[in-house]
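Contents: one structure, followed by commentary.
The values are calculated or read from the model by the stated rules, or taken from the named source; none is laboratory data. On a predicted model such as this, the values are computed, not experimentally measured, just so you know. As a convention, Cβ positions derive from the backbone with ideal geometry for all residues, glycine included, and neighbour counts pool all protein chains shown. Note: accessible area is taken over every heavy atom of the protein model, side chains too, but ligands, DNA and RNA are not part of it. Shrake-Rupley method; radii C 1.70, N 1.55, O 1.52, S 1.80 Å.
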Amino acid sequence: MTIRLFLASQSPRRRELLAQIGVDYELVDVEVPERREPGESPEDYVSRVAREKAGAGLLQLGAVPDALVLGADTEVVLDEEVFGKPADAADATAMLRRLSGRAHRVVSTVWIVSAGREEHATSLSTVEFMPLDEAAIAAYVASGEAFGRAGAYAIQGRAGRFVRHLEGSYSGVMGLPLYETGELLRRFGVG
């Protein structure tokens, strides 16, 4: 039987990144609540959500032999607070004000699950923003790019100019750490 890889994500960035490394995959649509449990560390939270996405995808594919499901989650963390996707323009503005002139962590975890096996890998990156004035924040939020993205920014877009320093994985900050993903896929016989 042929191994079939499924991506349990609607993220266009994850799709682009998998295509970038030449991986063939199919999509499986999952809905997983993204709520941090009391006392849960940011790393444990991100890993749990990524695992739940992969597991939900595998449950949907019960009849597909040799299915592998990739689930991923990426979050911005400042002072141990997880910055998810902004609810609205005010939320995006508040996040960007707090990130301005500071370094924050980006946690990105990938899980691959099959009927008989599961493995995961985590990428930890540090991103330092330059100081942002109110006009820069307002213009960025008005561009619409802040929405649907953890921490209210897209490093691969206009916010790339805000990044003074990056230590870690650029693709991990985008939403799918390619090195870690490639290693996991290789161990599962894909790619």
Pairs returned, first residue in region 95-110 that is under 17 Å from residue 146 (Cα atoms), second residue that is among the hydrophobic types (A, V, I, L, M, F, W, C) and assigned to a loop (DSSP other than H, G, I, E, B), beta-carbon separation under 7 angstrom, 6 or more apart or interchain, are 96/132; 100/132
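Among the listed residues 40, 34, identify the single one that is at pLDDT 95 or above and not in a helix (DSSP H, G or I).
40
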Which of the residues spanning region 158-191 are closer than 17 Å to residue 146 by Cα and assigned to a strand (DSSP E or B)?
163
Inspect all residues belonging to region 168-188 and state whether any of them is crowded, with 23+ Cβ neighbours inside 10 Å, in contact with a helix residue (DSSP H, G or I) (Cβ under 9 Å, 6 or more places away or on another chain) and polar (S, T, N, Q).
yes
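For (1) in contact with a Leu (Cβ under 7 Å, 6 or more places away or on another chain); (2) of a type in the set (A, V, I, L, M, F, W, C), each residue gets a yes or a no:
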position	(1), (2)
98	yes, no
103	no, yes
110	yes, yes
138	no, yes
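Going by the conditions given, is residue 36 open to solvent by 40 Å² or more (accessible area, probe 1.4 Å) and either in contact (Cβ under 8 Å) with a residue 40 or more places away in the chain or touching a Leu at 6+ places or on another chain (Cβ under 9 Å) (or both)? Explain how you work it out, then say what you get.
Working: open to solvent by 40 Å² or more (accessible area, probe 1.4 Å): yes; either in contact (Cβ under 8 Å) with a residue 40 or more places away in the chain or touching a Leu at 6+ places or on another chain (Cβ under 9 Å) (or both): yes.
Yes, satisfied.
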Does region 4-31 hold any residues that are over 14 Å from the mean Cα position of the chain (by Cα), surrounded by 14 or more Cβ atoms within 10 Å (Cβ to Cβ) and either β-branched (Val, Ile, Thr) or under 26 Å from residue 105 (Cβ atoms) (or both), and which are they?
21, 23, 28, 30
Would you check if residue 13 is modelled with pLDDT of 95 or more, assigned to a helix (DSSP H, G or I) and not aromatic (Phe, Trp, Tyr)?
no
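This table checks each residue for (1) in contact with a Gly (Cβ under 7 Å, 6 or more places away or on another chain); (2) closer than 25 Å to residue 144 by Cα; (3) charged (D, E, K, R).
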position	(1), (2), (3)
47	no, no, no
57	yes, no, no
64	no, no, no
81	no, yes, yes
90	no, yes, no
93	no, yes, no
Could you tell me which residue of region 53-112 is farthest from the chain's Cα centre (by Cα), considering only residues that are in a loop (DSSP other than H, G, I, E, B) and within 21 Å of residue 167 (Cα to Cα)?
101
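Find the residue count for region 125-155, including only residues that are under 21 Å from residue 87 (Cα atoms) and open to solvent by 50 Å² or more (accessible area, probe 1.4 Å). Quick ask: steps written out before the conclusion?
Applying the first criterion (under 21 Å from residue 87 (Cα atoms)) to region 125-155 yields 132, 134-155.
Checking the rest, the ones that are also open to solvent by 50 Å² or more (accessible area, probe 1.4 Å) come to 134-135, 138-139, 142, 147, 149.
Summing the residues that are under 21 Å from residue 87 (Cα atoms) and open to solvent by 50 Å² or more (accessible area, probe 1.4 Å) in region 125-155 gives 7.
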In region 163-191, what count of residues is obtained for those that are touching a residue at least 60 places away in the same chain (Cβ under 8 Å), of a type outside the set (A, V, I, L, M) and within 30 Å of residue 141 (Cα to Cα)?
7
Criterion: surrounded by fewer than 21 Cβ atoms within 10 Å (Cβ to Cβ), over 20 Å from residue 91 (Cα atoms) and among the β-branched types (Val, Ile, Thr) - qualifying residue of 109, 122:
122
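State yes or no: is residue 23 among the hydrophobic types (A, V, I, L, M, F, W, C) and at pLDDT 95 or above?
Numbers: among the hydrophobic types (A, V, I, L, M, F, W, C): yes; at pLDDT 95 or above: no.
When the stated conditions are applied, residue 23 does not pass them.
Report yes if some residue within region 69-80 is open to solvent by 70 Å² or more (accessible area, probe 1.4 Å) and more than 28 Å from residue 187 (Cα to Cα); otherwise report no. Walk me through it before giving the result.
Quick first cut of region 69-80, residues open to solvent by 70 Å² or more (accessible area, probe 1.4 Å) only: 79-80.
Okay, now just the ones that are also more than 28 Å from residue 187 (Cα to Cα), so 79-80.
Yes, because at least one residue in region 69-80 is open to solvent by 70 Å² or more (accessible area, probe 1.4 Å) and more than 28 Å from residue 187 (Cα to Cα).
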